[in-house]
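Peer 1: One structure coming up, written as structure tokens, with questions to follow.
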Amino acid sequence: QVQLVESGGGLVQPGGSLRLSCAASGFTFSSYAMSWYRQAPRKEREVVAVITSGGSTNYADSMKGRFTISRDNAKNTVYLQIHSLKPEDTAVYYCNARSLWYVYWGQGTQVTVSS
């Protein structure tokens, strides 16, 4: 049974930092590219960052600088480190796993940036 379980979201103040985690099971994690997406209320879902099975990373232009994606294949976990959080970062953040043939999604974790 495939599972992607996000954690680490919550309420944080502007300027703060947060690390999101996504624990994967039920598939060969090391063979999949992993991504983080986010969706704000009444907005379309957008890609935040991607990390390939080989460890190469890419970021949406608007995310460069404050976001860092990483993976630990021994733990079957992908992370998203966010610094200098802004109110406009408020969204549900989703974990995504992708191979040539399959795509899996997590349930999402809420990040709210407010003072």
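The values are calculated or read from the model by the stated rules, or taken from the named source; none is laboratory data. What you see is a predicted model, and the numbers here were worked out from it, not measured in a lab. Here the Cβ positions follow ideal geometry from the backbone for every residue, glycine too, while neighbour counts run over all protein chains shown. To get the accessible areas, we keep the full protein, side chains included, count just its heavy atoms, and leave off ligands, DNA and RNA. Shrake-Rupley method; radii C 1.70, N 1.55, O 1.52, S 1.80 Å.
Peer 1: Rounded to a whole number, what % of the accessible area of the chain do carbon and sulfur atoms account for, probe 1.4 Å? Each step should come with its number before you reach the end.
Peer 2: On the way: 2940 of 6240 Å².
Here it works out to 47 percent.
Peer 1: Based on Cβ point charges of +1 for Lys and Arg and -1 for Asp and Glu, what charge dipole magnitude is obtained for the chain about its Cα centre, in debye rounded to the nearest 20?
Peer 2: On the way: 11 positive and 7 negative charges, 6 e Å.
Once rounded to the nearest 20, the dipole reads 40 debye.
Peer 1: Measure out, as a whole number of angstrom, how far apart the alpha-carbon centroids of the stretch 45-97 and the stretch 8-36 sit.
Peer 2: Between the Cα centre of the stretch 45-97 and that of the stretch 8-36, the gap is 7 Å.
Peer 1: When only alpha-carbon atoms are used, what values of Rg and Dmax, in angstrom, describe the stretch 14-65?
Peer 2: 13.1, 37
Peer 1: Still on this structure, I have one more. Under the rule of at least 5 residues apart or a separate chain, name every residue whose amide H is placed under 5 Å from the amide H of G108.
Peer 2: Answer set, sorted by chain and number: E6, C95.
Peer 1: Where does each of R42, R66 land when they are ordered by accessible area, with a 1.4 Å probe and the largest first? Provide the component values of the computation, followed by the final result.
Peer 2: Numbers: R42 230, R66 45 Å².
Correct descending sequence by accessible area is R42, R66.
Peer 1: Continuing with this model, one more query. Once the Cβ-Cβ distance between T68 and R42 is put in as r, and R0 is 22 Å, what FRET efficiency do you end up with, to the nearest 0.05?
Peer 2: Values: r = 28 Å, r/R0 = 1.25.
My answer for the efficiency is 0.20.
Peer 1: First obtain the Kirkwood hydrodynamic radius of the chain from its Cα pairs, then insert it into the Stokes-Einstein equation at 10 °C and 1.306 mPa s, and state the resulting D in µm² per second as a whole number.
Peer 2: Numbers: Rh = 14.1 Å.
Diffusion coefficient, whole number: 113 µm²/s.
Peer 1: In square angstrom, what is the accessible area per residue of the chain with a 1.4 angstrom probe?
Peer 2: 54 Å²
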